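Comments concern the structure below.
The values are calculated or read from the model by the stated rules, or taken from the named source; none is laboratory data. Given the structure is predicted, the values throughout are model-derived calculations rather than measurements. All Cβ positions, glycine included, derive from the backbone under ideal geometry; neighbour counts span all protein chains shown.
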There are 2 protein chains.
Amino acid sequence: MRRIADSTVRRLSLYLRFLEESTNRGLVTISSDELARRGGTTSAQVRKDLSFFGSFGKRGLGYSVPELTESLREILGLRRDWQVIIVGAGKIGTALAQYRGFRQRGFRVTAVYDRDPKKIGTRWDALTVRDMADIERDIQKEHPDIAVLTTPADEAQVVVDRLVSAGVRALLNFAPIQLQVPPDVTLRNVNMAMELEGLSFALTNRDR
Amino acid sequence: MRRIADSTVRRLSLYLRFLEESTNRGLVTISSDELARRGGTTSAQVRKDLSFFGSFGKRGLGYSVPELTESLREILGLRRDWQVIIVGAGKIGTALAQYRGFRQRGFRVTAVYDRDPKKIGTRWDALTVRDMADIERDIQKEHPDIAVLTTPADEAQVVVDRLVSAGVRALLNFAPIQLQVPPDVTLRNVNMAMELEGLSFALTNRDR
DNA sequence: GATAACTTGTGAATGATTTCACAAGCCGCC
DNA sequence: GGCGGCTTGTGAAATCATTCACAAGTTATC
C-alpha cells in the first residue's frame, strides 16, 4: 500500500463521524457529495480518499451507510479497543482522564501517572494516580498501546524517552514542545498555543 | 501578500518557541539550520517560510535572535493581548480556563460561559462562570477576539451561530464536530478523537 | 585587501495533494 | 430490455508545498 497522507486519515475520521450520525438518523445510503458537504471538502476528494483502500460504493446509488461505517472502522483500526495511559495528572491530564468520549470510541484509559507525591494515590472514578517511578515496570507488564503526554514542557522529552524505551509506540503530545522520537514511533501533537497563534495571525492579517 | 499556508503559520509558531528558548540560553544569533533541527524540518523550509514576510537574516551569520523573535511576534499578531472567552464549563473548558500558558502568551481569558444553572456563578481564580443566556449582550459590550468552544458536540453549531452573529470572528473548537462558519470567520479545530484515531491507524497499518 | 568558511534568499525542480472530467455501472420506469 | 438520471472510480491536469542548488553577501584571518 502506498503511503497514506495524514490529511487523508483525518478526513476518514470525519467521514466516520458523519456516517455514525447518518446511522442515527436512519439513512441507509449516502453519496460522496453529502459526505463532502458535511466535511467541508469535495465529492472528488471523498472518492479519492476511499479509493486508496478499495471500492466501497455502488455507481448510481452511493455508499451503504453500515457497510462504509464498518469499512472505515476496519481501516482506522477501530475494531478493537486500545489501551491508553495518561502521563501527567495536571489540569489537562485530569480532564482527559475523565473525558467519556475516549472510552466511547474504544480508547480505554487504564492508568494515569504523575511524579508529585501529593497526587499519587488520589482517585477519580476507577482510576488511581500512579507513581511515575513505576511506569517502565507497568508498561512492560501491561503493554499500553498509546500514551497521552500532559506533563510540563520541560519534562516532556525525558518522559518520552522513557516511554519509548519501555516499548510505547504511539504518543499524543499536549506539551507545547516539539518532541524527538525514533522513526518507528508515531507522534501526534496537540498544541493549543499554536492554534491560538494561528487565530491571532488570521485576525491580524485578515484583509491581505 | 500571497495567501500564507496554514502549515507555514504553524511552523512560525514553532520557530518563535525555539527563539524564546534560545534567548533564555543567551544565544545572540541562530542559523536556519539550527532552527530547522529543532522543528524537524529543513533549513530551506525555514528560509522559505520567512521569505514570505521579508528578509530577516544576515548572509554568513544567520538571524539575530532578538530581532527575529520580534519580527515573528509582529507577523503572528502577538504584540498585543487578545481577549478570549471560553464557552462550556465542562471538564475541558475548566482546565483551559485555568491553564497558565494562555495568559503567558498574551491570550487573556476574560469570561467563561455555561448554561447549566448549577455551574453559573461558581468561581475559579478571578473568573466567574456566566450565564450563556447573556453571551450576546456581553460580546457586544466587551468585544472578545477569540472564542474557545468546549460545549457538547450537539450544541456546538447552535452556539457558534450565536457567537458569530454577535460578532466573534475567530473560533477554537474542541467539540468533536465539523462546524460551519461564514468565510470571514476563522475556525481552528482540536479534535482529540481524530488524533487518537490517527494513532490507531498508524499502529494498525504500521508495516504496509 | 584577498581568501576561506559560512549562511542567506530565491528561482527552478521535484514531489504531494487536490480537482477535473468522464467512462462505466447501477436503478427505476416505461 | 432500453432509456434517463444518478453516482462511483480513476487517470490526467492543475495546484500547492517542499527541496535543491547556487549566486550573493558577511565575517574572520592573515
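Report yes if some residue within region A:10-27 is out of contact with any Leu (no Cβ under 8 Å at 6 or more places or on another chain), within 16 Å of DNA strand C (Cβ to nearest atom) and over 30 Å from residue A:110 (Cβ atoms); otherwise report no.
First pass over region A:10-27, keeping only residues out of contact with any Leu (no Cβ under 8 Å at 6 or more places or on another chain): A:10-11, A:14, A:17, A:20-27.
Of the ones still in play, those that are also within 16 Å of DNA strand C (Cβ to nearest atom) are A:10-11, A:14, A:27.
With the extra rule that they be over 30 Å from residue A:110 (Cβ atoms), the set shrinks to A:27.
Within region A:10-27, one or more residues are out of contact with any Leu (no Cβ under 8 Å at 6 or more places or on another chain), within 16 Å of DNA strand C (Cβ to nearest atom) and over 30 Å from residue A:110 (Cβ atoms).
Tally the residues that are more than 13 Å from DNA strand D (Cβ to nearest atom) and outside any helix (DSSP H, G or I), restricting the search to region A:9-27.
Within region A:9-27, residues that are more than 13 Å from DNA strand D (Cβ to nearest atom) and outside any helix (DSSP H, G or I) number 2.
Can you tell me which residue is farthest from the other protein chains (Cβ to nearest Cβ) among those in region A:41-72 that are of a type in the set (Gly, Ala, Ser) and near DNA strand D (Cβ under 6 Å from one of its atoms)?
Ranking the qualifying residues of region A:41-72, first place goes to A:60.
Examine region A:29-36 for a residue that is within 14 Å of chain B (Cβ to nearest Cβ) and closer than 30 Å to residue A:152 by Cβ, and state whether such a residue exists.
Kept after step one, since they are within 14 Å of chain B (Cβ to nearest Cβ), are these residues of region A:29-36: A:34-36.
Subsequent filtering for residues that are closer than 30 Å to residue A:152 by Cβ retains none.
Taking every residue of region A:29-36 in turn, none turns out to be within 14 Å of chain B (Cβ to nearest Cβ) and closer than 30 Å to residue A:152 by Cβ.
Could you please give the count of residues in region A:1-26 that are crowded, with 16+ Cβ neighbours inside 10 Å, touching a residue at least 24 places away in the same chain (Cβ under 8 Å) and over 15 Å from residue A:53 (Cα atoms)?
Selection size over region A:1-26: 3.
Filter region B:17-67 down to the residues that are on the phi > 0 side of the Ramachandran plot and within 21 Å of the chain's Cα centre (by Cα) and list them by number. Quick ask: steps written out before the conclusion?
Residues of region B:17-67 on the phi > 0 side of the Ramachandran plot: B:26, B:40, B:54, B:60, B:62.
The answer is B:40, and nothing else.
Here's a check for you: in region B:28-83, which residue that is within 6 Å of DNA strand C (Cβ to nearest atom), of a type in the set (A, V, I, L, M) and assigned to a helix (DSSP H, G or I) is surrounded by the most Cβ atoms within 10 Å (Cβ to Cβ)?
Filtering first and then ranking leaves B:50.
Go through B:166, B:175, B:193, B:153 for me and flag whichever is surrounded by fewer than 20 Cβ atoms within 10 Å (Cβ to Cβ), more than 16 Å from residue A:197 (Cα to Cα) and touching a Ser or Thr at 6+ places or on another chain (Cβ under 8 Å). Break it down into steps so the answer makes sense when it comes.
On the way: B:166 fails: touching a Ser or Thr at 6+ places or on another chain (Cβ under 8 Å); B:175 fails: surrounded by fewer than 20 Cβ atoms within 10 Å (Cβ to Cβ); B:153 fails: touching a Ser or Thr at 6+ places or on another chain (Cβ under 8 Å).
Step by step, each of B:166, B:175, B:193, B:153 is checked, and only B:193 is surrounded by fewer than 20 Cβ atoms within 10 Å (Cβ to Cβ), more than 16 Å from residue A:197 (Cα to Cα) and touching a Ser or Thr at 6+ places or on another chain (Cβ under 8 Å).
Looking at region B:125-152 only, could you name the residues that are among the small types (Gly, Ala, Ser) and under 17 Å from residue B:107 (Cα atoms)? I'd like the intermediate steps shown before the answer.
Keep residues of region B:125-152 that are among the small types (Gly, Ala, Ser), which gives B:126, B:133, B:147.
If the condition is that a residue be among the small types (Gly, Ala, Ser) and under 17 Å from residue B:107 (Cα atoms), then B:126, B:147 are the ones that fit.
The rows are residues; the columns are (1) at pLDDT below 95; (2) more than 17 Å from the chain's Cα centre (by Cα); (3) part of a loop (DSSP other than H, G, I, E, B).
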residue: B:108; (1), (2), (3): no, no, no
residue: B:117; (1), (2), (3): no, yes, yes
residue: B:134; (1), (2), (3): no, yes, no
residue: B:138; (1), (2), (3): no, yes, no
residue: B:151; (1), (2), (3): no, yes, yes
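Would you please name the residue that is nearest to DNA strand D (Cβ to nearest atom), looking only at residues in region B:73-95 that are without any contact (Cβ under 8 Å) to a residue 12 or more places away in the chain and touching a Lys or Arg at 6+ places or on another chain (Cβ under 7 Å)? Break it down stepwise before answering.
First, the residues of region B:73-95 that are without any contact (Cβ under 8 Å) to a residue 12 or more places away in the chain: B:74, B:77, B:79, B:91, B:95.
Pick out the ones that are also touching a Lys or Arg at 6+ places or on another chain (Cβ under 7 Å) and you get B:79, B:95.
Working: B:79: 25, B:95: 31 Å.
Restricting to residues being without any contact (Cβ under 8 Å) to a residue 12 or more places away in the chain and touching a Lys or Arg at 6+ places or on another chain (Cβ under 7 Å), the top hit is B:79.
Does at least one position in region B:190-201 carry a residue that is farther than 16 Å from residue A:8 by Cα, under 19 Å from the mean Cα position of the chain (by Cα) and not in a helix (DSSP H, G or I)?
Within region B:190-201, one or more residues are farther than 16 Å from residue A:8 by Cα, under 19 Å from the mean Cα position of the chain (by Cα) and not in a helix (DSSP H, G or I).
In region A:91-134, which residue that is aromatic (Phe, Trp, Tyr) and in contact with a strand residue (DSSP E or B) (Cβ under 7 Å, 6 or more places away or on another chain) is farthest from the other protein chains (Cβ to nearest Cβ)?
Among those residues, the one meeting the criterion is A:113.
Against the conditions (1) in contact (Cβ under 8 Å) with a residue 60 or more places away in the chain; (2) among the hydrophobic types (A, V, I, L, M, F, W, C); (3) within 13 Å of chain B (Cβ to nearest Cβ), where does residue A:172 fall short? Just the number, please.
For residue A:172, the exception is condition (1).
Only one of these conditions is not met by residue B:3: (1) part of a loop (DSSP other than H, G, I, E, B); (2) more than 20 Å from the chain's Cα centre (by Cα). Which number is it?
(2)
Whether any residue in region A:190-200 is more than 8 Å from chain B (Cβ to nearest Cβ) and of a type outside the set (A, V, I, L, M, F, W, C) is what I want to check. Lay out the reasoning, then the answer.
Narrowing region A:190-200 to residues more than 8 Å from chain B (Cβ to nearest Cβ): none.
So far as region A:190-200 goes, no, none of its residues is more than 8 Å from chain B (Cβ to nearest Cβ) and of a type outside the set (A, V, I, L, M, F, W, C).
Identify the single condition in (1) part of a helix (DSSP H, G or I); (2) more than 7 Å from chain B (Cβ to nearest Cβ); (3) within 19 Å of the chain's Cα centre (by Cα) that residue A:155 does not satisfy, given that it satisfies every other one.
If we test residue A:155 against (1) part of a helix (DSSP H, G or I); (2) more than 7 Å from chain B (Cβ to nearest Cβ); (3) within 19 Å of the chain's Cα centre (by Cα), just (3) comes out false.
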